[in-house]
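Below: one structure, written as structure tokens.
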Amino acid sequence: MTTLTRTAAPAIRRAPLLPALGQLILAELRRMLRNPMFAIGTVGFPIMFFGLFGLSAVKETTDGGVNVGQIILVSFGTYSLLSLAMFSFGSAVATERTGGWLRLLRASPMPTALYFAGKVIAALCFSTLALSALYAFAHFAGGVTLPLGLALTLLVKLLAGMVSLIAVGLSIGFLANPQAAQILANIVSVIIAFASGLFVPLDQLPGFIQKVAPYLPSYHLAQVGWNTVAGHTAGEVTHWLWLGGYTLVFAALAIWGLRRDEARGQ
């Protein structure tokens, strides 16, 4: 009589996630740095705008005694984050999903969440570089200074609030084709930047824009930054609630778009 013995199935070996995440982050940073137009739009343009529109007013102060140069620094810093979120997560994601890159990732053992984590972390790293370059220009060209503690607090808050802008960019990337996503990224980054008071003070804009501004994520992110440099953080919770709501809503839209692509086999 032959006795059958059950052999244990070989254990499935999984690649460590942290090294894979590190490689994804490096690949994403290389993609950003190797694209001159992307670097110019997210780093060069805010610095250029500060030089054109901000240097002449950096020595002025508001009625509340806040240095105008610091306020302008926050405004163009917010614009830099908005541009990066729209183009890195709007048009870039649309190109990657229609080009089959996401389909290839789903067929690989790598979790899809790791792909998004790599893009988000890379975007935050690049945003730190962009904000540092903008501050360096404002400091050396215009004499704008921030105490170290305030500068670090402002940096952390702006990067945290940028997550809501990333969610908006992701929803564009998963709901539009590359051509439409490119157009939407341009429209959204420019129009809501103006409507949020990033280029022109909100009280100098038409009345209907002033009514729309409180419903825009970039407005609330800029408010967080402006209130931080002014030392008025008592009402900051309201702005964070708005930013959190935008993150949830647009992240849900992005996930719905991802599931739709998976159902279609894209």
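The values are calculated or read from the model by the stated rules, or taken from the named source; none is laboratory data. All of these numbers come straight from a predicted model, not from anything done at the bench. Neighbour counts are summed over all protein chains in view; Cβ atoms, including those assigned to glycine, are modelled from backbone coordinates with ideal geometry. Just so you know, the surface numbers come from the protein's heavy atoms only, side chains and all, with ligands and any DNA or RNA stripped out. Shrake-Rupley method; radii C 1.70, N 1.55, O 1.52, S 1.80 Å.
Quick notes
- Share of carbon and sulfur in the accessible heavy-atom surface of segment 65-196 [1.4 Å probe, %]: 76 percent
- Solvent-accessible surface ranking, highest first, for ARG31, ARG97, ARG264 at 1.4 angstrom: ARG264, ARG31, ARG97
- The chain: angle of helix 17-33 to the longest principal axis, Cα-based, in degrees nearest 10: 50 degrees
- Only the Cβ atoms of Lys and Arg (+1) and of Asp and Glu (-1) were treated as charged; on that basis the dipole of segment 131-266 about its Cα centre amounts to roughly 200 debye.
- Anchor LYS157: aspartates and glutamates whose Cα lies under 20 Å away (excluding residues fewer than 8 positions away in-chain): GLU236
- Inter-centroid distance (Cα atoms) of segment 161-195 relative to segment 57-134, Å: 11 Å
- In degrees, nearest ten, helix 217-230 long axis to first principal axis of the chain (Cα): 50 degrees
- Rounded to the nearest 20 debye, the dipole size of the chain about its Cα centre is 1200 debye, using +1 on the Cβ of Lys and Arg and -1 on the Cβ of Asp and Glu.
- Peptides 171-179, 152-160, 83-91, 206-214 ranked from most to least packed by the mean count of surrounding Cβ atoms within 10 Å: 83-91, 171-179, 152-160, 206-214.
- Label positions at ALA107 and VAL156, each projected 7 Å from the Cα along the C-beta direction, are separated by 4.4 nm.
- Each principal axis of segment 1-159 carries a Cα extent, and these read 98, 34, 23 Å when sorted largest first.
- Solution diffusion estimate, µm²/s, Stokes-Einstein, segment 37-83, Kirkwood Rh from C-alpha pairs, 10 °C, viscosity 1.306 mPa s: 144 µm²/s
- Computed from backbone phi with θ = phi - 60° and the Karplus coefficients 6.51, -1.76 and 1.60, the 3J(HN,Hα) list for segment 121-131 is 5, 4, 5, 5, 5, 5, 5, 4, 4, 5, 5 Hz; x is used for glycine and proline.
- Solvent exposure of segment 123-200 as accessible area per residue, Å², 1.4 Å probe: 40 Å²
- Helix axis angle, 68-86 relative to the chain longest principal axis, alpha carbon, degrees: 30 degrees
- Taking the square roots of five times each eigenvalue of the Cα gyration tensor of segment 135-266, the equivalent ellipsoid has semi-axes of 30, 17, 16 Å, listed largest first.
- With the simple spin-label model, which puts each label point 7 Å out from Cα in the Cβ direction, the ARG30 to LEU129 separation comes to 1.3 nm.
- Size of the chain as Cα extents on the principal axes (Å, biggest first): 98, 38, 38
- FRET efficiency for ILE121 and ASP63, using Cβ-Cβ distance with R0 set to 35 Å, rounded to 0.05: 0.30
- Residues within the reach of a label modelled at PHE45 (point 7 angstrom out along Cα to beta-carbon, backbone nitrogen below 13 Å), restricted to segment 200-243: there are none.
- Largest-first ordering by accessible area, 1.4 Å probe, given options ASP63, ASP203: ASP63, ASP203
- Around the amide H of THR61, modelled in the peptide plane, lie the amide H atoms of VAL68, all under 5 Å away and 5 or more residues distant in sequence or on another chain.
- Computed magnitude of the charge dipole of segment 59-127 (debye, nearest 20; Cβ of K, R +1, Cβ of D, E -1): 420 debye
- Stokes-Einstein D for segment 132-203, Kirkwood Rh over Cα pairs, 4 °C, 1.567 mPa s (µm²/s): 88 µm²/s
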